[in-house]
Amino acid sequence: MGFMGIFALFLYSLSFITQAGTAFFSFLLAIKSPTRYKWGWLFLCLGLTLMLGRRISPIFSILETNHFNMTDAILSLPISASLLIGTIGIHKLMSQVNTENQLMSILSQLDPLTNCLSRTETLYQLSNEIKRSQRTKKPFAVLELDIDHFKLINDEHGHNIGDEVLHSLATYIRSLLRSNDHFGRVGGEEFIIILPDTDEQQAKIIAERIREQVERKVDYSQSSVKPIQLTISIGICIAEITGSITAINDFCKVLIKQADEAMYRAKNNGRNQVAF
């Protein structure tokens, strides 16, 4: 066997190894991929495996007859390499899309200004808490809080400062809550707090502590010329579920409405207080 024959054998062998590696990589991706991608990777793996016959038959031909096609040998390697690079590229693209979808899902759960839960995610967590309360038979509390005289802050300092105040307040309140509590923004300056496994007495203690801590904080804006202090009014609704609830979405609306009515009761009674 001459030098050209050995070189052709080397090219075919390298091409075979590359394509076999691509088929194996596709098989691994088929195992790890979600169901909607699994069949695509499996058929790609099958096709690449069947094509290995076109890579191994020239090797046997060279070894048995010393006959080879140099052009085909030269082309076999970039073809197999292209298949490998393309497979890796598709995998990276799908991984990127999956990552971006996960990122979009996370972002949709958060209020962009305050980084607390969005209204939609807050309602979702509330529905989950209703279901959990049905199983455990333990009460939970829904708190709605509203910043007192927030319009005056926007009028006096501007909306940019108002946004800063909202973000600062949300960050501060989040630091006062338990790890299993849910805190979301449902309106301009209105927020909802869901307190799992919390009865009326516990809810009042938590609400009063939040109200007092918010009032004591010295400044909610680093950009304003003069310090901005806040007070909040909090309405509390206690949910004690003893029976079965089928219309959970409607029940969510009832709980939020009752918490909202309690919050307005606190405002009508003079603000900066808690009401049931």
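The values are calculated or read from the model by the stated rules, or taken from the named source; none is laboratory data. The model shown is predicted, which means the values in this text are computed figures rather than measured ones. A quick note on method: Cβ atoms are made from the backbone with ideal geometry, for glycine too, and the neighbour counts reach across all protein chains shown. Heads up: the accessible areas ignore ligands, DNA and RNA and are worked out on the full protein's heavy atoms, side chains in. Shrake-Rupley method; radii C 1.70, N 1.55, O 1.52, S 1.80 Å.
Filter region 14-39 down to residues that are open to solvent by 40 Å² or more (accessible area, probe 1.4 Å) and at pLDDT 85 or above and give me whichever is farthest from Phe68 (Cα to Cα). Please lay out each step first, then the result.
Of region 14-39, the ones open to solvent by 40 Å² or more (accessible area, probe 1.4 Å) are 14, 16-17, 24-25, 27-28, 31-32, 34-39.
Still in the running and at pLDDT 85 or above: 14, 16-17, 24-25, 27.
On the way: Leu14: 15, Phe16: 15, Ile17: 19, Phe24: 27, Phe25: 29, Phe27: 31 Å.
Selected residue: Phe27.
Okay, residues lined up against (1) closer than 21 Å to Gly188 by Cα; (2) charged (D, E, K, R); (3) modelled with pLDDT under 90:
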{"residue": "Glu200", "(1), (2), (3)": "no, yes, no"}
{"residue": "Ala207", "(1), (2), (3)": "yes, no, no"}
{"residue": "Arg216", "(1), (2), (3)": "no, yes, no"}
{"residue": "Ser221", "(1), (2), (3)": "yes, no, yes"}
{"residue": "Lys226", "(1), (2), (3)": "no, yes, yes"}
{"residue": "Gln229", "(1), (2), (3)": "yes, no, no"}
{"residue": "Ile248", "(1), (2), (3)": "no, no, yes"}
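From (1) at negative phi; (2) charged (D, E, K, R); (3) surrounded by 12 or more Cβ atoms within 10 Å (Cβ to Cβ); (4) touching a residue at least 60 places away in the same chain (Cβ under 8 Å), pick out the condition that doesn't hold for Lys217.
(4)
Can you tell me which condition Ile193 does not meet? The list is (1) in contact with a helix residue (DSSP H, G or I) (Cβ under 7 Å, 6 or more places away or on another chain); (2) part of a strand (DSSP E or B), and all the others hold.
That leaves (1) as the condition not met.
Can you tell me which condition Gly47 does not meet? The list is (1) surrounded by 10 or more Cβ atoms within 10 Å (Cβ to Cβ); (2) modelled with pLDDT under 85; (3) of a type in the set (Gly, Ala, Ser), and all the others hold.
(2)
Just checking, which of Ser244, Ser168 is open to solvent by 10 Å² or more (accessible area, probe 1.4 Å), small (Gly, Ala, Ser) and not in a loop (DSSP other than H, G, I, E, B)?
On inspection, the qualifying residue turns out to be Ser168.
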